[in-house]
Structure formats: structure tokens, C-alpha cells
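Read the structure below first, then the notes.
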Amino acid sequence: MTRSVYVTGIGRGDGRQVVELGVMELLSRRIGRVGVFRPLAHDGPDPIYDLLRSRYRLSQPAGTVVGLGYDEAAAALADRGVDELVSRLVDRFRAVARDYEAVLVLGTDFADTGLPAELTLNARLANEFGAAVLPVVAGTGQDLDSLTAEVRNAHHAYASLGCEVIAMIANRVADGHAAAGLDGHLPVPVYALPEEPALAAPTVAQVAEALGAKVLQGDPAGLARDVRGFVFGGATLPTFLPALTEGCMVITPGDRADLVVGSLAAHSAGSPAIAGVLLTVGQQPGEETMALAARLSPGTPVLSVPGGSFPTAGELMSLEGRLTTANPRKAEIALGLFENHVDTARLTERLSVVRSDRVTPMMFEHELIERARSDRRHVVLPEGAEERVLRAAEVLMRRGVCDLTLLGDEGAIRKRTAELGIDLGLLGPEEVPEGPGTSVRVVDPYTSPLRERFAELYARLRAHKGVTYELAYDQVVDVSYFGVLMVQEGLADGMVSGAAHSTAATLRPAFEVIRTKPDAAIVSSVFFMCLAEKVLVYGDCAVNPDPDAEQLADIAVQSAATAARFGVDPRIAMLSYSTGTSGSGADVDKVRRATELVRERRPDLLVEGPIQYDAAVEPSVAATKLPESKVAGRATVLVFPDLNTGNNTYKAVQRSAGAVAVGPVLQGLRKPVNDLSRGALVQDIVTTVAITAIQAQQGGRAPGGPDRPGAATGTAGKAANE
């Protein structure tokens with residue numbers, strides 16, 4: 001039977017979308033096909049559904065998501081009564097439930113619905129749908145006693161109407177510790193989500209949309225900034241500038257060119273970084289002023305509205321941020337809030353959702369995040385001022401995936417985060433976190449006291465290549481070298497780089513400093529190819545151009561170990577243009593010899609080769625070509641004979657079959673270092689960091705970190721390659 005969850009409330013303003021997003025995240029981790037149903041909907045766009053559809057790649061036809069419009073429902077209610085209305089909605093719900101393993105139901109929003117007894121209607125629908133109920137209560141402006149009473153009353157209301165209440169959530173609570181007072185009063189878990197300013201704040205783009213403003217200047221990153229407050233300009237510039245605050249929007253008549261230029265100059269200097277400028281009364285600065293504004297801060301938005309400052313202020317005071325597809329950053333903040341304040345393991349258990357046998361790309365990516373969170377490690381990101389890296393760092397921090405160190409000039413990184421509207425709570429090299437939670441630290445290799453220590457170590461490691469201390473002192477300020485030396489010395493558990501550097505710039509320091517494991521002949525790589533219903537492992541598609549038989553065998557053994565580490569049962573196919581004994585030639589002989597070596601070294605592994613790709617993955621072909629094989633038609637680890645074949649194949653499958661390619665994931669190094677594509681997206685960086693953290697879990701925790709200056713020093717280890 002389809003398991004359904006009905007997220008509902010008791011009134012307006014509960015910020016329920018955070019909970020709806022969080023529950024969808026929990027369901028999608030365990031189930032391949034999740035449907036969405038909104039019994040009643042307003043006319044026009046549905047931002048939260050659009051977000052769910054985009055983020056979770058829902059294939060559900062849009063026409064099946066909504067039961068009825070509110071106007072249609074009110075007419076049906078007046079004409080035929082509540083039973084007929086409920087009957088129609090149940091029929092439409094069941095049509096959705098037939099096609100999905102679970103359904104997330106989005107309850108009515110208590111906003112100008114025109115429906116009487118709305119809470120009772122939600123309870124009735126939940127019962128008729130057979131859905132568990134998760135009520136959300138608004139905590140805005142309430143103290144602990146009043147909030148406790150409201151949560152208790154809401155639970156009683158739904159339970160007394162026969163609902164299966166699985167938990168209660170108080171959202172937008174002023175005191176984030178209120179859950180300690182709330183829990184224990186009810187027979188179900190109670191969770192409190194604190195008010196999150198970054199969610200409540202509208203973006204500049206949302207301000208522009210709400211006011212119908214004209215955008216005179218600003219790039220997409222600037223329009224995505226959060227507006228954390230408003231400062232109204234009317235005073236002279238010396239009086240006005242001290243009133244500016246971080247993330248504020250300056251509102252001033254359009255003829256005050258001095259305030260426009262002064263605000264943008266302050267932003268450019270980083271003191272403070274403003275969200276943007278809103279010009280009122282329909283006035284716009286002259287061309288010379290706007291040209292100067294563009295030079296001072298080209299990405300900072302400048303908006304214009306025809307109305308006066310006072311009525312504009314009235315419209316803005318009630319404006320709040322929304323979760324939309326246009327701002328994925330807010331979705332990550334919302335998920336981080338939900339996961340940090342809700343016992344997701346307990347809630348998942350109460351949802352009684354059985355894990356699907358299928359593994360979708362989304363499920364695989366979620367599993368990586370969860371595994372990284374379960375035993376948090378510390379990863380260094382050398383490209384600390386790169387926008388994609390900073391945005392990924394915010395996601396990783398908000399969701400508690402791992403601790404991070406960003407390398408680069410501290411002032412430049414702080415300024416860049418302010419410009420992007422990103423809040424990382426950055427710590428300096430010697431600062432200590434105030435409490436538990438993910439920390440993000442900034443270290444400048446040029447000024448760090450570690451520079452001398454690293455220079456001495458690198459000079460020892462490369463003395464046989466003629467590297468002196470003086471040369472090493474200059475070399476270690478390269479962020480890639482500094483990062484791998486942090487990993488080598490136990491000051492970080494792993495490193496991820498490559499968004500702005502070549503593969504060689506990332507891997508050369510790793511080869512020179514960290515080096516290969518004693519049981520690995522070479523460093524190689526795999527891609528996790530996430531197809532519609534399964535995950536395959538491709539090796540090696542990124543590092544070794546033309547491995548010989550010995551190296552190919554090593555790649556196969558390493559790839560099998562990596563597959564098992566990430567939950568893929570390894571069945572190895574050694575790929576060639578020939579299957580079994582049907583062909584001959586130097587390339588086939590290489591693969592045949594490599595297969596024999598794998599069997600000799602690891603008789604416990606299932607391996608087949610040489611074998612063609614179709615025979616490896618398609619049971620019908622395997623039944624014809626290798627009917628007795630335990631691998632053919634069921635292979636999960638596919639080892640390519642050379643880089644040309646592997647790299648082209650993974651890209652062809654990625655683009656033509658719509659697969660999600662996660663990687664390359666390096667294997668064979670003593671400690672994890674992973675390379676990014678220079679075209680990597682933010683989500684690619686997040687996933688690669690999570691993989692790196694999981695790899696570090698396998699190798700044991702580093703003895704120290706940058707917040708522990710006395711951490712033990714690592715040893716250089718035996719050189720396995722130059």
C-alpha cells in the first residue's frame with residue numbers, strides 16, 4: 001500500500017514549506033517514485049510544488065498534482081455538500097497513489113480559501129487518504145508557555161478527529177531551544193525549528209517582483225542577495241553612511257546621486273556589503289552617475305520604482321522570502337534547518353517507509369550526504385574565493401556535512417561572501433567555534449604560521465629532486481600544495497580542488513606529497529554513473545591513458561573496493577571489443593591477461609573478461625554470449641581498457657542516456673584527494689566533498705585540525721611514485 005504523509009497546519013504564517021521540503025527529502029532518500037498531491041489550490045503558480053518538481057526531478061504529470069481549485073471546491077461544497085467534495089478529492093488522490101510508492105500531500109494554506117472548518121476538512125481528507133499527519137504550528141511571537149499550549153491543542157484537534165499524528169513541528173520559534181520544553185508533553189515527538197533570518201529575508205529579485213521595479217543595474221548573483229533590512233536615505237552622506245548595515249537595501253529618492261554613489265562605494269570597500277539600492281519617486285540618476293555606479297560595483301542591483309519612499313516602505317514591511325526554483329540557496333538553507341533540528345532518523349522510522357530496491361540518482365546522492373553527516377570529517381578547499389566553491393561551502397555548512405577550511409586571502413574571501421550574500425560564519429585561523437556544528441575556517445598560505453613547517457616537510461620529501469628549503473618556502477604557498485600538506489599532516493582529512501585549476505595542478509601535489517597506498521600500483525579513478533534505476537561504477541575514465549595488464553588489474557581491484565565502500569555490490573566486467581574467446585589481438589590479450597591477474601590476486605571477486613559492454617549489462621545479450629557467467633548481464637563495475645574508450649563512453653552515457661555522472665573519484669592515494677571538472681556545478685562540488693569525507697571515514701580520523709594547532713604531525717611515508 002502507498003504510504004502517504006499529509007503536512008498541514010492550523011492557520012496562516014507557519015512557514016510550512018520548510019517542513020514540506022524536509023519531508024520530501026526524507027521520502028526521496030528511500031523511495032524511487034514519490035508523488036505529490038495538493039487537494040486544493042489557488043489559481044496561478046505554486047512555488048513550492050515547482051521547487052519540489054525541479055529539485056527532485058519529478059516526472060508526475062502536472063495535471064494530476066491538484067485536486068480542485070478553491071473556487072471550484074467552494075462551489076461544490078455549496079451545491080452538494082462536504083461529502084461530495086471529499087469524494088471527488090479522494091478519487092483524484094487515489095489516481096495518483098496508484099502510480100507511486102509514497103505521496104506527499106500538501107494541506108490547505110488557510111489563506112483566503114473561503115472554506116469553513118478548514119482544519120476539520122484537512123483531518124477528514126487525511127483520514128480518507130489513509131495518510132499520516134504532520135501538523136505544523138507557527139511559533140512567531142509566542143513564548144514557550146503559549147507555544148506549548150498551541151502545540152498541545154493542535155495535536156488534540158487532529159488526534160480527536162481520528163488522525164494518525166506522527167509528530168508535531170513548531171516552526172519559526174524565537175528560541176531555538178524551545179523543543180526541550182515542548183517535547184514530553186505529548187505522546188509523539190515534538191520538534192522546534194528556530195526562526196531563520198536567511199529564509200525570512202526576501203531576495204532583491206523578490207523585492208523587484210513585488211514592487212514591479214525596473215532593474216537599472218545588477219547581475220543574477222546580485223539579484224539573488226538576501227535583503228536583511230532597509231535603510232532610508234534622506235540625510236547628508238556623512239550622516240547616512242554610518243547607518244548602513246550588512247545586507248541592507250538602500251531606499252532613496254532617485255535624485256540623490258550622492259547617496260547612490262556613496263552606498264556603492266561603501267559596498268565596494270566591503271564596509272558594509274549592501275544588498276542593493278532602490279530609487280523612488282520615478283527619478284533616475286544621470287548617465288554619468290550610472291556609469292560611475294557600474295564601475296564601483298557592477299553586480300550590485302539598482303532598482304527604480306515610480307512611487308514615493310513612504311508607500312514603498314509600506315509594501316516592503318510585509319514582504320517575506322519564499323522558497324522558489326529561482327533561489328536554490330534558500331532551499332539548501334531550509335533543508336539544513338530541518339535536518340539540524342529534526343531527528344530525521346526517528347521521523348523516517350515513524351513514517352514507516354520501506355526502502356525501495358531501486359537506486360535512483362537522487363537516492364544515491366542523498367545517501368552520500370547522510371553517510372558524510374553521520375561521522376563528520378574535515379575537508380580543505382583550496383579555491384576559497386571561487387563563487388561555486390563558496391556556494392557549495394554554504395550548502396555543506398548548512399546541512400552539517402563536514403567541517404571545511406577555505407584557502408586564500410581572508411579579506412578577499414570575506415568580501416566575496418558578502419557580495420554573494422552568503423553567510424558562512426567564517427572563522428579566522430586561530431578562532432574557535434562557539435559551539436557544536438559545522439565550522440568554516442579561512443587560512444591564507446602566505447601568512448599562515450604553517451608555511452615554515454610545510455616548507456621543511458616538502459623540502460625533505462623532495463630533497464632527492466633537488467628541492468631546498470628556500471624553493472619549498474615559495475612552493476607551499478600554492479593553494480594545492482598547501483592543501484595536500486594539510487591533509488598529509490593530519491590538519492584536514494581530505495582535499496577537493498579543480499573548479500579553477502587543471503587536473504595536473506590538483507594531482508601533482510598529491511602524487512608528490514601524499515603518494516599511493518602500499519597495496520596500490522597506481523592512482524586511478526572511477527565515475528559513479530547513476531542511471532534511472534541503478535548505479536554503475538566506471539573505471540578508469542580520467543587518469544591513466546593506456547594502462548598495461550598489471551595496471552588494468554590494479555584499477556579493477558581498486559574500483560571494486562570503491563564500489564563496495566559506496567554500497568555497490570562489485571561484479572567486474574573487463575571491457576574489450578571482443579567477448580570471451582571470440583577475438584584476438586594485442587588489446588584483447590591485454591584485457592584477458594588483466595582478468596587473469598584479478599582472479600589470482602582476488603579470487604573472492606566476481607570478474608569476467610574480456611567482455612563487450614552490451615554483454616556486460618544486458619541479460620538478453622549475456623544469455624547468448626556468456627550464458628554460464630555470474631557477471632555477464634549483471635555487471636556493476638565496468639573497467640575500460642584505456643582512457644580514450646572510458647572517457648568517451650562515460651560522456652556518451654551521461655549525455656545520451658541522461659545519467660548523472662558523479663566523479664572522478666580518485667583511488668589509490670594514502671589519503672583522499674579529489675579533482676573537480678572546471679565546469680563543475682555547485683551540486684557537483686557538494687557531492688564530491690561528501691564522497692571525500694566518506695573516503696576519509698574509511699581511513700580513520702585525522703589526529704588534529706587547524707583549530708587544534710598542536711595536532712600531531714604526519715609522516716612522509718614511503719614514496720610510491722614521483
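The table below gives the values:
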read-out: Evaluation of residue 400 against (1) more than 19 Å from residue 497 (Cα to Cα); (2) in a helix (DSSP H, G or I) (one fails), failing number; value: (2)
read-out: Answer residue from region 533-586, given it is among the hydroxyl-bearing types (Ser, Thr, Tyr), in a loop (DSSP other than H, G, I, E, B) and open to solvent by less than 30 Å² (accessible area, probe 1.4 Å) and is modelled with the highest pLDDT among those; value: 576
read-out: Single unsatisfied condition, residue 655 versus (1) assigned to a helix (DSSP H, G or I); (2) under 21 Å from residue 561 (Cβ atoms); (3) at pLDDT below 90; value: (2)
read-out: Test result for residue 632, part of a loop (DSSP other than H, G, I, E, B) and buried (at least 24 other Cβ atoms within 10 Å of the Cβ); value: yes
read-out: Residue match in region 428-441 (condition: surrounded by fewer than 17 Cβ atoms within 10 Å (Cβ to Cβ), of a type in the set (S, T, N, Q) and either assigned to a loop (DSSP other than H, G, I, E, B) or at pLDDT 80 or above (or both)); value: no
read-out: Residue count for region 470-520, restricted to those that are surrounded by 22 or more Cβ atoms within 10 Å (Cβ to Cβ), outside any helix (DSSP H, G or I), within 29 Å of the chain's Cα centre (by Cα) and at pLDDT below 90; value: 2
read-out: Filtered residue count, region 284-305, keeping only those that are closer than 23 Å to residue 220 by Cβ and open to solvent by less than 40 Å² (accessible area, probe 1.4 Å); value: 11
read-out: Of residues in region 146-173 being polar (S, T, N, Q) and open to solvent by less than 20 Å² (accessible area, probe 1.4 Å), the one nearest to the chain's Cα centre (by Cα); value: 171
read-out: Criterion violated by residue 39 - all others in (1) farther than 26 Å from residue 320 by Cα; (2) open to solvent by less than 70 Å² (accessible area, probe 1.4 Å) satisfied; value: (1)
read-out: Given (1) over 26 Å from residue 289 (Cα atoms); (2) open to solvent by 50 Å² or more (accessible area, probe 1.4 Å); (3) assigned to a helix (DSSP H, G or I), number of the condition residue 187 does not satisfy; value: (3)
read-out: Residue 418 free of Cβ contacts under 8 Å to residues at least 40 places away in the same chain and either under 25 Å from residue 271 (Cα atoms) or outside any loop (DSSP other than H, G, I, E, B) (or both); value: no
read-out: Among the candidates 406, 420, 381, residue that is in contact with a Pro (Cβ under 9 Å, 6 or more places away or on another chain) and buried (at least 19 other Cβ atoms within 10 Å of the Cβ); value: 406
read-out: All positions within region 1-43 that are within 22 Å of the chain's Cα centre (by Cα) and part of a loop (DSSP other than H, G, I, E, B); value: 15, 16, 31, 32, 33
read-out: Matching helices (runs of 4 or more DSSP H) fully within region 200-318 where at least 3 residues are more than 32 Å from the chain's Cα centre (by Cα); value: 237-240, 257-268, 287-296, 309-317
read-out: Top-ranked residue in region 257-283 [being surrounded by fewer than 16 Cβ atoms within 10 Å (Cβ to Cβ) and in contact (Cβ under 8 Å) with a residue 40 or more places away in the chain; ranked as farthest from residue 417 (Cα to Cα)]; value: 272
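Each row is one residue, and each column tells you yes or no for (1) open to solvent by 20 Å² or more (accessible area, probe 1.4 Å); (2) part of a loop (DSSP other than H, G, I, E, B); (3) without any contact (Cβ under 8 Å) to a residue 60 or more places away in the chain.
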{"position": "96", "(1), (2), (3)": "no, no, no"}
{"position": "99", "(1), (2), (3)": "yes, yes, no"}
{"position": "108", "(1), (2), (3)": "no, yes, no"}
{"position": "122", "(1), (2), (3)": "no, no, no"}
{"position": "128", "(1), (2), (3)": "yes, no, yes"}
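The values are calculated or read from the model by the stated rules, or taken from the named source; none is laboratory data. What you are looking at is a predicted structure, and each value in this text was computed from that prediction instead of being measured. Using ideal geometry, Cβ is built from the backbone for each residue, glycine included, and neighbour counts are taken over all protein chains shown. Only protein heavy atoms, including side chains, enter the accessible area calculation; ligands, DNA and RNA are left aside. Shrake-Rupley method; radii C 1.70, N 1.55, O 1.52, S 1.80 Å.
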